[in-house]
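Visitor: Please find one structure pasted underneath; my questions will follow.
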Amino acid sequence: MRAIALRWRRSLAWRVTTTILVLSVIVISLVGTTIYNQLSQGIFNEKLNTSIYDATTTTRSAQLQLALAPYERQTTVAKIVGDILSTTSVESAGTGRDVALLPFPVTARQKFTFKGTSNQLSLNSIPIGLRSGVRAHSTPQWDRATMVYADGKIDSGIVVGNQLIIPNSGRYEFYVFFSLKQQSDTLNLIIRNLVIAGLALLLFIALLTFLLTRQVISPLREAARIAEQLASGDLEQRMEVRGDSEIARLALAFNDMAVSLNQQISRLENLSRLQQRFVSDVSHELRTPLTTIRMAAQVIDEAKSTFDPVLARSAELLVAQTERFENLLADLLEVSRFDAQAAILDIQRIDINELVRRTSDYLDPHDDRSIHLHLPLHSVWVEADARRIERILRNLITNAIDHREGGPVEITVAESEHNVAVSVRDYGVGFSQKDRPFLFERFWRADPSRSRIRGGTGLGLAISLEDATLHQGTLEAWGMPGKGANFLLNLPKRVGDALGASPLPLVPEEFTTTE
Amino acid sequence: MSLIMVVDDDQDLGEMLGIVLRGAGFDVDIVDRGDLVIERFRKSKPDLILLDVMLPGVDGIELCQQIRQESQIPIVMLTAKGDTEDVIRGLEIGADDYLVKPFNSQELVARLKVRLRRTTPSAVGLRIGDLVIDENAHSIIRAGKSIPLTKLEFDLLVALAKDPSRVFTREALLSEVWGYRHATDTRLVNVHIQRLRSKIEIDPENPELIITVRGVGYRAGGAGVSEK
């Protein structure tokens, strides 16, 4: 039932065909019934007229026979009556005609009465209402009757009643039965033919509808299919244009739309490609002079012991700022690569423990014990792009070192069935809840009154988030003003796998109980 | 004193490179036009070429290939795009190492020194499979026939052959052969291992002398080494 309802909703062809079929059934049955009624009425009336005429003639001839009989002798009369009954029945052999003779109730008290039927027809076959009608009128009366015979045979027919006077006995009711068997046979034949014709018509209509809707719907289906393919990005799809019909016009309009869509998209793509090429070219062009500046700055910096303090400090600043400029350039380039969706993962199997150890050693070479590592004793393997993961770690650890306000930084590594997680926690300035949505935005600064951390590009966290997302991992942040921050990185162990629940909490334990 | 030929169209960078390299004790020959390189190279016979691959009018990669055809001299590429196909193509053609702009002077000097380092003659008759390594002659001999290798390829092979029981990670090779301290660009190793294999392996598709240890790195193979 639901399947049918679904098809009804989903398929236009199905809906049209069903509707037309239902309507056709109604119309055909109405027409059929009317035709049948008309025909059966006509046939019945025809039969009735001949029956009445026939009955009247029969009655008259019987009356004549009786009138001519020498009625003083009862046996003679009885013989005539018997003749009448049997002759009618003989006559009736082909036409299904039977007669019945009954005395009026008054007549029944006479000395001689006659009563009888032909062919053992039961007297019960005479409708009760008709009898009083016959007795009351001298004209022929008729009714439908069911003819019941002594041998159990039943037939439906018309009965016409007349008065008959038998000399020396009195008034009688004389009934002539006409079988309608022939007529009903005819009608049955008509019904059968009507039904066959109706079914043939229905079949024809169904076929016609199916073919027509197919002719209309199949281009529509084709259009729908091609529209879907267009929507899914295959911009080269076009509809086939045949002839000059409405469907062809639809196809033409559709194709025009696809072409203009394609043009728009490629125009936009071109624009954004140009834009990204420009950013990338600018970055690359800047690199050559930057290299010269950097080397020059280093040469100057190496000689600074011979400079006076102001010059020496200037040299230091020059070196530091050149480095910062370089980092900014590298980050910008990386961002433009993400924007162009040109970032590609170079997947290797790496040990996160090893990477964390190496990165923190690199960032905290003095080993002043301010970075605490909580690493599992065994290696933690993950399929990832080592360069990107190292960059995420470097950004998170640098960020923590910059904001720790002298406190320790804790790095924890853990794994679950599907995930590898790294959390970087500091106990420094933290951040407020309202800052949280902006944390990973490019060039965003938590506190405008706070000076920017030296060397930071403002792109570190944004790039880290992009890197994590590229791995189908997550990077989340928790923070509380004055209580520090916690950054949690989750990566799937295998490329393309879905992430499971994080093996490490985002919110530090000491805060989960109070909240 | 080693002579370094600097090929760079940017005159300021060329001059700066000259200052830094002379400061580090090298002789420097600066060429600022790509079309002059081959001629000057033949004349001055440098010990190393520092080649900017982004030269106007001349394809740095092609230049690299031309030089490689007539010499096994170390070639270090300078590039502004560290992550492009250019780098890989350059390495495949025969460059030994590359530096991404902006690089710093110390790193540049350190890398060049590694490339110019004289391999100290040690164990004579080092073998790897059916190859004999003659460190003094800087050549590889198979069945009496010498196989020409670049200096870097030679260093790479010696590093592996010296310690045949050890599996070298790519990072370890980067540090020992290229002199990198912090590097995750293992493509450098992969490309050169492929180049080396194409020269010394009988069937480079099924290497027997330099064996890949999946997930770890490479080790020396061959008949002379006990398989673990």
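Conditions (1) modelled with pLDDT under 90; (2) under 22 Å from residue A:511 (Cβ atoms), marked per residue:
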site: A:404; (1), (2): yes, yes
site: A:415; (1), (2): no, no
site: A:428; (1), (2): yes, yes
site: A:437; (1), (2): yes, yes
site: A:441; (1), (2): yes, no
site: A:452; (1), (2): yes, no
site: A:460; (1), (2): yes, no
site: A:465; (1), (2): no, no
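Visitor: Next up: Kindly provide the set of residues from the stretch B:98-140 that are among the charged types (D, E, K, R), touching a Pro at 6+ places or on another chain (Cβ under 8 Å) and at pLDDT 80 or above, ordered by number.
Guide: Matches in the stretch B:98-140: B:115 only.
Visitor: For the stretch A:1-117, please list each of the helices (runs of 4 or more DSSP H) lying entirely inside it that holds at least 3 residues being under 60 Å from the mean Cα position of the chain (by Cα).
Guide: A:2-10, A:12-68
Visitor: Ok, one more. Based on what the data block shows, is residue B:145 surrounded by fewer than 14 Cβ atoms within 10 Å (Cβ to Cβ), of a type in the set (Lys, Arg) and modelled with pLDDT of 80 or more?
Guide: yes
Visitor: Considering only residues that are small (Gly, Ala, Ser) and touching a Cys at 6+ places or on another chain (Cβ under 7 Å), look in the stretch B:41-96 and name the one that is farthest from the other protein chains (Cβ to nearest Cβ).
Guide: Only one residue fits best here, namely B:94.
Visitor: Can you pull out the residues in the stretch A:1-18 that are loosely packed, with under 12 Cβ neighbours inside 10 Å and among the β-branched types (Val, Ile, Thr)?
Guide: Of everything in the stretch A:1-18, just one residue is loosely packed, with under 12 Cβ neighbours inside 10 Å and among the β-branched types (Val, Ile, Thr), namely A:4.
Visitor: I've got another one for you. Being surrounded by fewer than 15 Cβ atoms within 10 Å (Cβ to Cβ) and of a type outside the set (D, E, K, R) is the filter; apply it to the stretch B:24-37 and report the residue that is farthest from residue B:63 (Cα to Cα).
Guide: Selected residue: B:25.
Visitor: So, of the residues in the stretch B:97-117 that are of a type in the set (Val, Ile, Thr) and part of a helix (DSSP H, G or I), which turns out to be farthest from the other protein chains (Cβ to nearest Cβ)?
Guide: B:114
Visitor: Let me ask something additional. How about the stretch A:274-285: which of its residues are more than 9 Å from every other protein chain (Cβ to nearest Cβ) and in contact (Cβ under 8 Å) with a residue 24 or more places away in the chain?
Guide: Correct list: A:276, A:279.
One line per residue, one yes/no per condition, for (1) exposed (fewer than 14 other Cβ atoms within 10 Å of the Cβ); (2) at pLDDT below 85; (3) within 60 Å of the chain's Cα centre (by Cα); (4) part of a strand (DSSP E or B):
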site	(1), (2), (3), (4)
A:130	no, no, no, no
A:133	no, no, no, no
A:142	no, no, no, yes
A:159	no, no, no, yes
A:172	no, no, no, yes
A:182	no, yes, yes, no
A:187	no, no, yes, no
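Visitor: Out of curiosity, is residue A:248 in a helix (DSSP H, G or I) and within 52 Å of the chain's Cα centre (by Cα)?
Guide: Considered against the rule, which asks whether it is in a helix (DSSP H, G or I) and within 52 Å of the chain's Cα centre (by Cα), residue A:248 comes out as yes.
Visitor: Which pairs do you get when a residue that is under 15 Å from residue A:146 (Cα atoms), found in the stretch A:174-185, comes within reach of a residue that is at pLDDT 85 or above and among the aromatic types (Phe, Trp, Tyr), reach meaning Cβ atoms under 7 angstrom, with the pair 6+ apart or on two chains?
Guide: Listed pairs, sorted by first residue: A:183/A:44.
Yes/no matrix, rows are residues, columns are (1) within 21 Å of residue A:459 (Cβ to Cβ); (2) within 14 Å of chain B (Cβ to nearest Cβ); (3) touching a residue at least 40 places away in the same chain (Cβ under 8 Å):
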| position | (1), (2), (3) |
| --- | --- |
| A:343 | yes, yes, yes |
| A:346 | yes, yes, yes |
| A:381 | no, yes, yes |
| A:387 | yes, yes, yes |
| A:406 | no, no, no |
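Visitor: Another question about this same structure. Kindly evaluate residue A:265 against the criterion of being modelled with pLDDT of 80 or more and either within 14 Å of chain B (Cβ to nearest Cβ) or part of a loop (DSSP other than H, G, I, E, B) (or both).
Guide: No, not satisfied.
The values are calculated or read from the model by the stated rules, or taken from the named source; none is laboratory data. All figures in this text were calculated on a predicted structure; none of them were measured in a lab. Cβ coordinates were reconstructed from backbone atoms using ideal geometry, including for glycine residues, and neighbour counts include every protein chain displayed.
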